[in-house]
Amino acid sequence: SMPETVQQEIVQSDIQSKADKTPVTVADYGSQVLVSLVLNMEVTSGSFSMVAEEDSEDLRKDGAEEILERITDLVNKTLAEDGSYNILLSKEAILSAIDTGKSEGGPSGRHWVLDPIDGTKGFVRGGQYAIALALLDEGRVVLGVLGCPNLPFTSVSNLSGSSSGDQTGALFSAAIGCGAEVQSLDGSPPQKISVCTIDNPANASFFESYEGAHSMRDFTGSVAEKLGVQAPPVRIDSQAKYGALARGDGAIYWRFPHEGYRETIWDHAAGSIVVTEAGGVVKDASGNDLDFSKGRYLDRDTGIIATNKQLMPSVLKSVQEAIKEKKQASSPL
Ligand SMILES: Nc1ncnc2c1ncn2[C@@H]1O[C@H](COP(=O)(O)OS(=O)(=O)O)[C@@H](OP(=O)(O)O)[C@H]1O
Ligand SMILES: [Mg+2]
Ligand SMILES: [Mg+2]
Ligand SMILES: [Mg+2]
């Protein structure tokens with residue numbers, strides 16, 4: 001796929017820094033263009049609304065001509081190679097395709113939710129990333145697809161060992177009430193997946209962000225200790241964590257960003273339905289469901305926890321104890 005090719009050949013000029021200091025690459029923009037184009041052509045019923053991470057503002061500035069040219073070439077080359085659509089896009093068409101992702105989402109109607117490259121830092125590093133697409137209907141996630149081109153097809157226990165002979169690449173999908181599935185990227189028949197059945201926290205392993213700045217490790221370390229978790233954390237970039245959890249590679253995924261960070265819906269919509277349809281649960285630190293109906297940002301209390309039904313009560317209990325202790329430690333007596 002286009003992101004795989006870009007990842008293999010990435011050069012410094014393909015990577016830009018956004019206003020919030022996070023990276024964005026030609027593949028993030030190109031992926032957003034391709035997904036929005038195809039959705040627009042294939043989804044013909046009703047009006048079209050998409051909430052997506054990237055916008056064209058930086059690409060319209062002076063000095064961005066070269067990178068816009070690179071994105072335009074990438075997209076046109078991908079479309080030509082694929083051959084399904086006989087179109088050639090101008091730079092202006094590229095910019096406007098990116099901006100079809102400007103919707104605010106919300107509680108009514110249908111909205112596509114796209115993270116064109118989730119885990120951009122991992123993507124740039126040569127690590128894990130995901131292309132994450134979901135559909136919101138009346139504020140609820142009803143459909144989710146997670147493309148993970150770098151994830152071992154059978155299990156992340158094969159992440160470091162290249163000797164395993166495992167295929168690389170996994171496509172997770174889920175529709176509400178229909179379960180979750182995985183297939184290889186070359187189109188093997190989909191197979192049903194489900195979360196693990198571990199019920200003793202001592203036997204549980206957990207996933208967390210690869211990037212230390214994205215989740216407070218001192219905090220999750222203390223939760224792990226309370227739970228009696230023995231295994232070291234498995235650190236993976238992107239929503240590939242939700243996919244790995246959904247097929248039972250590990251037992252828990254948690255995420256505790258630093259105070260003041262606001263989660264966006266495209267970082268969790270697809271991943272959360274893949275996990276819930278695989279029989280798992282996804283909650284905030286208070287035990288509430290995630291609310292995707294409030295616009296581009298996720299409305300939630302501190303932290304996100306995904307695990308199976310057996311483990312969730314004890315994980316929540318330990319998280320809430322750790323939060324209490326943290327508050328006591330930081331409040332002046
Ligand atoms: N400070 C901070 N805290 C928490 N989260 C942040 C922060 N900054 C960025 N982000 C978002 O994290 C997304 C990727 O994080 P992940 O946990 O999925 O992967 S990672 O292992 O941390 O790279 C990443 O998604 P992408 O931008 O799509 O890559 C961001 O939306
Ligand atoms: Mg980003
Ligand atoms: Mg993301
Ligand atoms: Mg992204």
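Fully extending the segment from Asp166 to Gln328 would add 53.6 nm, taking 0.36 nm per residue of separation and subtracting the current Cα-Cα distance.
Less than 5 angstrom separates the built amide H of Arg235 from those of Glu208, all sequence-distant by 5 or more or on a different chain. Applying both filters, DSSP loop and at most 12 other Cβ atoms within 10 Å, to the trypsin sites (Lys or Arg not before Pro) of the range 238-333 gives Arg262, Lys309.
Ligands, DNA and RNA excluded, the heavy atoms of Met41 present near 80 Å² of accessible surface to a 1.4 Å solvent probe. Of Asp73, Asp267, the order by accessible heavy-atom surface (1.4 Å probe, DNA, RNA and ligands excluded), from most exposed downward, is Asp73, Asp267.
Reducing the range 108-162 and the range 70-95 to their Cα centroids gives an inter-centroid distance of 23 Å. Using the alpha-carbon centroid of each, what span in Å lies between the range 1-16 and the range 28-59? About 20 Å separates the Cα centre of the range 1-16 from the one of the range 28-59.
Taking 28 Å as the straight-line reach from the Cα of Lys326, the lysines in range (excluding those fewer than 8 positions away in the same chain) are Lys226, Lys241, Lys283, Lys309, Lys317. Across the chain, the mean sequence separation of Cα contacts (distance under 8 Å, 6 or more residues apart), normalised by length, yields a relative contact order of 15 percent. Taking a sphere under 12 Å around the Cβ of Gln191 and counting the other residues whose Cβ falls inside, with K and R at +1 and D and E at -1, yields a net charge of +1. Of the residues Ile323, Ile193, Ile236, the one that moves most in a GNM of the chain with alpha-carbon contacts below 10 Å is Ile323. If you take all other residues with their beta carbon under 9 Å from the beta carbon of Gly105, and give Lys and Arg +1 and Asp and Glu -1, the sum is +1.
What distance in nm separates the two pseudo spin-label positions at Lys317 and Asn76, each 7 Å out from Cα along the beta-carbon direction? Here the answer is 6.3 nm between the modelled labels. Using the Cβ of Arg247 as centre and a radius below 14 Å, the other residues enclosed give a net charge of -2, where K and R count +1 and D and E count -1.
Extending 7 Å from Cα along the Cβ direction at Ala64 and again at Ser45 yields two label points whose distance is 3.6 nm. Percent of C-alpha pairs per 5 Å bin in the range 201-330, short distances first: 2, 11, 23, 26, 23, 12, 3, 1.
Between Asp299 and Asp137, the FRET efficiency from the beta-carbon distance, with R0 = 25 Å, is close to 0.90.
What the Cβ-Cβ distance of Ser184 and Glu57 gives, at R0 = 51 Å and to the nearest 0.05, is a FRET efficiency of 0.85. What does the accessible area per residue of the chain come to in Å², with a 1.4 Å probe and no ligands, DNA or RNA counted? On a per-residue basis, 46 Å².
Shape verdict for the range 1-103, please, from the Cα gyration tensor: rounded (a/c under 1.5), prolate (a/b greater than b/c) or oblate. Here the range 1-103 falls in the oblate category. The apolar share of the surface of the range 201-330, taken as the fraction of accessible area on carbon and sulfur atoms (1.4 Å probe, ligands and nucleic acids excluded), comes to 47 percent.
The values are calculated or read from the model by the stated rules, or taken from the named source; none is laboratory data. Just so we're clear, the structure is a prediction, and the values are computed from it rather than from any experiment. FYI the Cβ positions are ideal-geometry reconstructions off the backbone, even for glycines, and counts take in every protein chain you see. Each accessible area value is taken on the protein alone, full model and side chains, heavy atoms only, with ligands, DNA and RNA left out. Shrake-Rupley method; radii C 1.70, N 1.55, O 1.52, S 1.80 Å.
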